[in-house]
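Participant: After the structure tokens below, expect a handful of questions from me.
The values are calculated or read from the model by the stated rules, or taken from the named source; none is laboratory data. A quick note: this is a predicted structure, and the numbers were derived from the prediction, not measured. Quick reminder, even Gly has a Cβ in these numbers, built from the backbone with ideal geometry, and neighbours come from all protein chains shown. The accessibility values were calculated without ligands, DNA or RNA, using every heavy atom of the protein model including side chains. Shrake-Rupley method; radii C 1.70, N 1.55, O 1.52, S 1.80 Å.
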Amino acid sequence: MKRFKRITEAWLTRFTAIIPFNFIRKWASKDLIIINYHSIHGWDPDPVINKNKYRTIDRLEQDLRFFNENYSVIKITDLINNKSLPQNALAITIDDGLKSVYDLMYPVFKKTGIKPALFVNPDFIDNTDLHFIRKRNIILKKLGSLDEEQHKNLISWLDKNDLNIYNLKIQLHSIKYHQRSVLDELIFELNLSVKDILDRKPIYLSSAEIDEMLSDGFELGAHSMDHPPFEQLSLVEQEQQVLESMKRIEEDFNTGYRMFAFPSDDRPINQKLFNNIRDFVDISFGVQGLQRDIIGNHFHRITIESSGASAKQAVKYEYLKYILKRTLKKSIFRRKL
Ligand SMILES: [Zn+2]
């Protein structure tokens, strides 16, 4: 299966290079595409996350100029308000609410006049807490450079918890969302402080920064309370994450609408959750490319930032992938009940 995927991808890349953009866009005949970004290359203080491929500032500007020249850029609220779409409509979203959005991406968006929708986690706004995987990464890094006192504290904590350094690292690598309180304990034992770390180098947007971007025409939605992997949650927990985060964003920032982007991959989300949240969500988003979803107000986005290719090539690749799926009668994303 993996080999088949690799061959298909190589085939798509080869065709992408030779087929003209306008031809392939017409062939795909998608009335709307939505592009999703996260951050800027090299910005992240977490060395593990920093390995992810993102756009440089220049590359982002090139992308946005390409979109302005070739698409009619719309806002997400246009979709909520059922405005009729212009030809070749395109919208942009940015997930995770990282500080790089304000510091590095916002000036580029200003320059090009494009107003994206931001999807943020209420638990992290104003740097009041840190995502559990980032905490895990801080601990793993610290384990390599413990001073005497930290080492002593750690050994006694490990003894109490029937662990040793070796299985600690293994367990940290496979830690699940529901086990995350152990990370706070460990951070305490290692004399580290999440507050100090975030004071020194804020990871997330502040409310003031969000307000400024909102007053400049950006839009705002929720991305769950604290970005858990949804496949590790019960249906009730999933529902709480969606509803509580949307309520917080709507109330704290007076948005007047309720948008939600699922954290990570939305493939495991069952139809049952959509049924339960239907009356409370104006629009939601996943990341299954150009496919349409069986859920009417759930839209998919494409992530071109990690492709390494130009916006033109990356979008062409997505069109071609979509055409292939359509040929195989897989252009609609169906969900388990
Ligand atoms: Zn995310």
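Participant: Rounded to whole Hz and in sequence order, give me ³J(HN,Hα) for the range 268-282 from the Karplus expression 6.51 cos²θ - 1.76 cosθ + 1.60, θ = phi - 60°, writing x for Gly and Pro.
Facilitator: Per residue, the Karplus-derived 3J(HN,Hα) values read x, 6, 7, 4, 4, 5, 4, 4, 5, 9, 3, 6, 10, 10, 6 Hz.
Participant: Roughly what would the spin-label model give for ASP196 and LYS176, points 7 Å off Cα along C-beta, in nm?
Facilitator: Label-label distance for ASP196 and LYS176, simple model: 3.3 nm.
Participant: Rolling a 1.4 angstrom probe over the protein heavy atoms, how many square angstrom per residue are accessible across the range 1-64?
Facilitator: 64 Å²
Participant: Given contacts defined as C-alpha pairs under 8 Å and at least six residues apart, what's the relative contact order of the chain, whole-number percent?
Facilitator: Normalised by residue count, the contact order of the chain is 22 percent.
Participant: Using only the alpha-carbon atoms, how far is helix 57-70 inclined from the longest principal axis of the chain? Give it as 0 to 90 degrees, nearest 10.
Facilitator: Once rounded, the angle reads 20 degrees.
Participant: Determine the dipole magnitude for the range 72-113: charges of +1 sit on the beta-carbon of Lys and Arg, -1 on that of Asp and Glu, nothing else is charged, the reference point is the Cα centre, and the result goes in debye to the nearest 20.
Facilitator: Dipole size: approximately 180 debye.
Participant: Shifting gears a bit: Give me, ordered by chain and number, the residues 5 or more places off PHE285 or on other chains with an amide H under 5 Å from its own placed amide H.
Facilitator: Sorted by chain and number, the residues that satisfy this are PHE260, ALA261, PHE262, PHE299.
Participant: Which of PHE253, ASN276, LEU243 sits farthest toward the positive end of the charge dipole of the range 240-292, with +1 on the Cβ of Lys and Arg and -1 on the Cβ of Asp and Glu?
Facilitator: ASN276
Participant: Output the 0 to 90 degree angle, nearest 10, between the alpha-carbon long axis of helix 132-143 and the longest principal axis computed from the alpha carbons of the chain.
Facilitator: Helix 132-143 sits roughly 50 degrees off the main axis of the chain.
Participant: Hey, can you find the accessible area per residue of the range 132-199 for me, probe 1.4 Å, expressed in square angstrom?
Facilitator: Each residue of the range 132-199 exposes 61 Å² on average to a 1.4 Å probe.
Participant: Sticking with this structure for a sec: For the chain, just run the numbers: alpha carbon Rg, then divide by 2.2 N^0.38 Å, N being how many residues it has.
Facilitator: Cα-based Rg divided by the globular estimate yields 1.06.
Participant: Could you identify which residue out of GLU250, GLU231, GLU69 has the top mean-square fluctuation in a GNM of the chain using Cα springs shorter than 10 Å?
Facilitator: In this elastic network of the chain, the residue with the biggest mean-square fluctuation among GLU250, GLU231, GLU69 is GLU69.
Participant: Follow-up. Could you give the angle, 0 to 90 degrees to the nearest 10, between helix 311-327's Cα long axis and the longest principal axis of the Cα atoms of the chain?
Facilitator: The two axes meet at around 70 degrees.
Participant: Please list 3J(HN,Hα) in residue order for the range 37-53, calculated via the Karplus relation 6.51 cos²θ - 1.76 cosθ + 1.60 where θ = phi - 60°; whole Hz, with x for glycine and proline.
Facilitator: Taking θ as phi minus 60°, the curve returns 10, 10, 7, 10, 3, x, 7, 5, x, 7, x, 6, 5, 5, 6, 4, 7 Hz for the range 37-53.
Participant: Assigning unit charges at the beta carbon (Lys, Arg +1; Asp, Glu -1) and nothing else, what dipole magnitude in debye, to the nearest 20, does the chain show about its Cα centre?
Facilitator: 2460 debye
Participant: At most 14 other Cβ atoms within 10 Å plus a DSSP loop assignment makes a site exposed; report the longest stretch of the chain without any exposed trypsin sites (Lys or Arg not before Pro).
Facilitator: 177-328
Participant: Quote to one decimal, in nm, the extra length available between SER234 and LYS329 on full extension: 0.36 nm per residue of separation minus the C-alpha distance between them.
Facilitator: 31.1 nm
Participant: Check which residues have an amide H placed less than 5 Å from SER206's amide H, if you skip close sequence neighbours.
Facilitator: Hits under the 5 Å cutoff: ASP126.
Participant: For the range 132-199, which semi-axes, largest first and in whole Å, follow from the square roots of 5 times the eigenvalues of its Cα gyration tensor?
Facilitator: For the range 132-199, the semi-axes come out at 17, 16, 10 Å.
Participant: Be a star and scan the range 106-138 for residues whose amide nitrogen sits under 18 Å from the point 7 Å along the Cα-to-Cβ vector of ASP252.
Facilitator: The answer is 117-132.
Participant: Between ILE33 and residues 5 or more places away or on another chain, which pairs have amide H atoms under 5 Å apart, with H built 1.01 Å from N, and which residues are they?
Facilitator: ALA89, LEU90, ALA91
Participant: While we're looking at this one, here's another question. If you take the beta carbon distance between SER72 and ASN270 as r and set R0 to 41 Å, what does 1/(1 + (r/R0)^6) give as a FRET efficiency, to the nearest 0.05?
Facilitator: So the FRET efficiency works out to roughly 0.75.
Participant: Whenever you get a sec, compute what percent of the accessible area on the chain sits on carbon and sulfur atoms (1.4 Å probe).
Facilitator: Ligands and nucleic acids excluded, carbon and sulfur reach 51 percent.
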